[in-house]
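Presented below is the structure to which this report refers.
The values are calculated or read from the model by the stated rules, or taken from the named source; none is laboratory data. Because the structure is a prediction, the values reported are computed rather than measured. Here the Cβ positions follow ideal geometry from the backbone for every residue, glycine too, while neighbour counts run over all protein chains shown. Just the protein is used for accessible areas: all its heavy atoms, side chains included, with ligands, DNA and RNA removed. Shrake-Rupley method; radii C 1.70, N 1.55, O 1.52, S 1.80 Å.
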2 protein chains.
Amino acid sequence: MNSQIRRSMPLFPIGIVMQLTDLSARQIRYYEEHGLVSPARTEGNRRLFSFNDVDRLLEIKDLIEQGVNLAGIKQIFASRQQQHFETTPSVSPKVVKQDLSEAELRKLLRTELMQAGRFNRASLRQGDIARFFH
Amino acid sequence: MNSQIRRSMPLFPIGIVMQLTDLSARQIRYYEEHGLVSPARTEGNRRLFSFNDVDRLLEIKDLIEQGVNLAGIKQIFASRQQQHFETTPSVSPKVVKQDLSEAELRKLLRTELMQAGRFNRASLRQGDIARFFH
DNA sequence: ATGAAATGTTACGTTTCATTACATATTTTT
DNA sequence: AAAAATATGTAATGAAACGTAACATTTCAT
């Protein structure tokens, strides 16, 4: 896949990227500062962006316009990465869907029920709660 | 799958949910106001949350703690939904991965090149750019 | 080679969002 | 009936995402 190489080739200085994306230089640098893009650098320390970088910036712009903040964008990108490795049974890198396990919930519920027999008897028939505990 | 029914059964008043999630009532209501949870209501207009609702709140809490704002959480939930319908070739409901197509990029690049022969000749050998246009 | 233009970095000010703090009305519990 | 819990609405607070300006350095054009 030669196109992948071409797409990641450092080409555009920030001025061009500003025009392509309609983002301010300040914004672009800010996004880099927060790890959302990582353009290459020339010897003189100028940024050089690839096609992929520009794509990424356009996605960022899109999400920003929908009100998503940088932390959210980071999460979204991270979770997208994982989709990619879904064949590899790796340890999910931090975005664990920390669900309340049934066991845990049952424990909490049971404690609650012990501690005070209150809480909406109205909406539950006698047996209903018990059914959660089998 | 009976458990799915049980998990979506309205059970907990907000006070219990506060304890289970360690969120303030105000926060929980705020999240509802922004469409992130939709607890049922009693006749007297009190909220009743299901297991699923509590799970959702815990996820919200988790993401908030990672700095994601409500808009971001909304996007994340939305994109999760879509994974689910991935068998159905439906029109993606708004979170289109609006990539710059190669064609489009080429057009922009060509225009740029026409308009002014400038922009980092230094980093490109003569033939490199031409290669993008085949 | 030299001045002009572009870009880099840094610092301060502004606006918006999530949260907290109150105040009041209504429902539920005892 | 009184007390406790919940609903709703209105400020006040603090941090994030920039705009903007100042100044240094790199690159471009003649």
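Select from segment A:1-33 the residues that are within 12 Å of another protein chain (Cβ to nearest Cβ), more than 13 Å from DNA strand C (Cβ to nearest atom), open to solvent by 40 Å² or more (accessible area, probe 1.4 Å) and not charged (D, E, K, R) and list them in ascending order.
A:2, A:4, A:5, A:9
Scanning segment A:34-63 for residues that are open to solvent by 60 Å² or more (accessible area, probe 1.4 Å) and closer than 29 Å to residue B:70 by Cβ, which turns out farthest from DNA strand D (Cβ to nearest atom)?
A:38
Would you confirm whether or not segment A:73-89 contains a residue that is closer than 22 Å to residue B:81 by Cα and within 14 Å of DNA strand C (Cβ to nearest atom)?
yes
Taking only pairs six or more apart or across chains, which ones have beta-carbon atoms under 7 Å, a first residue in segment A:23-46 that is under 14 Å from residue A:73 (Cβ atoms), and a second residue that is more than 10 Å from DNA strand C (Cβ to nearest atom) and β-branched (Val, Ile, Thr)?
A:31/A:37; A:31/A:60; A:36/A:60; A:36/A:73
Taking the options B:57, B:48, B:70, B:100, name whichever one is at the interface with chain A (Cβ under 10 Å from one of its Cβ atoms) and at pLDDT below 95.
B:100
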